[in-house]
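The values are calculated or read from the model by the stated rules, or taken from the named source; none is laboratory data. Everything quoted here is computed from the prediction, not taken from an experiment. No Cβ is skipped: glycine too gets one built from the backbone with ideal geometry, and neighbour counts run over all protein chains shown.
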């Protein structure tokens, strides 16, 4: 038994204050990731501040036509919400591609964003891991790499981010609303996550005691088609080898707008800016889609054992863009 203090927060400000005064404290929401890490010994906070009862479980339409999603909204509820299904199908599909129905019934929006890598070495406390214990080394380099990064990795860490939902939010230009000891701030999802660099132990730009209170989506793009596709080893309860969240808007046969994000390939959801640059203004053809995918992967650096991911990513991106072009009014 690992002893720890447990406190139930009365409101968001109180939760932030409790964690701020205790360097070894952590927030507890659905617990689908944190509890696993407590059991494995990956993390050992001395205090858990329970935010599960806070009124952060609403999905509200905003005055500009967007949506504000409370951090406590369960993944299953968000995936089934009629506004999300109708206006943001990419997000609904990404949520349904994650975990299992039982976990989606418990997992929260904020917790999903903050889940940590499923790298087998990170979760095995008997092996060196710079993310778990900085300075000890990266066991994945030269080890089992099937699920590891081909983009944005460093010598310190080659792990990938596991969230499907975060990939869709990245492609949708969502923002994370945060409350901390110094007040509130909003962070674009594209800037919320870090590449490993020399500090692989830091997954996000959040400071200690900063609490996610909501995620805000901009208004949906008119006349655009979007989707989320996940390639994995089995059809349920498996993390992505490669995933693609994409949106296309086509006018008279030309790509007028494109947003693409990748999962399963980097330490963070990977916004495919190079591909988007190739796409916008180009004819909506297979040649354009293949060129865009290839452009994004020019900087790929696969490891021994996951070279297949480069071709898998290229093929998946191309196929997703092709299928969206057939759904988009032109």
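So the values come out like this:
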| read-out | value |
| --- | --- |
| Qualifying positions in segment 85-123 - in a loop (DSSP other than H, G, I, E, B), in contact (Cβ under 8 Å) with a residue 40 or more places away in the chain and touching a helix residue (DSSP H, G or I) at 6+ places or on another chain (Cβ under 9 Å) | 88, 97, 98, 99, 106, 107, 115, 116, 123 |
| Filter result for the condition that a residue is under 30 Å from residue 20 (Cβ atoms), in contact (Cβ under 8 Å) with a residue 60 or more places away in the chain, buried (at least 21 other Cβ atoms within 10 Å of the Cβ) and in contact with a strand residue (DSSP E or B) (Cβ under 8 Å, 6 or more places away or on another chain), over 211, 248, 262 | 211 |
| Residue tally, condition part of a loop (DSSP other than H, G, I, E, B) and touching a helix residue (DSSP H, G or I) at 6+ places or on another chain (Cβ under 9 Å), over segment 183-221 | 8 |
| Filter pass, residue 227 being modelled with pLDDT under 95 and not in a helix (DSSP H, G or I) | no |
| Residue list for segment 39-51, restricted to those being within 21 Å of residue 21 (Cα to Cα) and surrounded by fewer than 20 Cβ atoms within 10 Å (Cβ to Cβ) | 43, 44, 46, 47, 50 |
| Residue 274 being more than 20 Å from residue 91 (Cβ to Cβ) and touching a residue at least 12 places away in the same chain (Cβ under 8 Å) | yes |
| Residues of segment 134-166 classified as touching a helix residue (DSSP H, G or I) at 6+ places or on another chain (Cβ under 7 Å) and closer than 22 Å to residue 303 by Cα, total | 3 |
| Answer residue from segment 97-140, given it is in contact with a strand residue (DSSP E or B) (Cβ under 9 Å, 6 or more places away or on another chain) and under 17 Å from residue 236 (Cβ atoms) and is surrounded by the fewest Cβ atoms within 10 Å (Cβ to Cβ) among those | 105 |
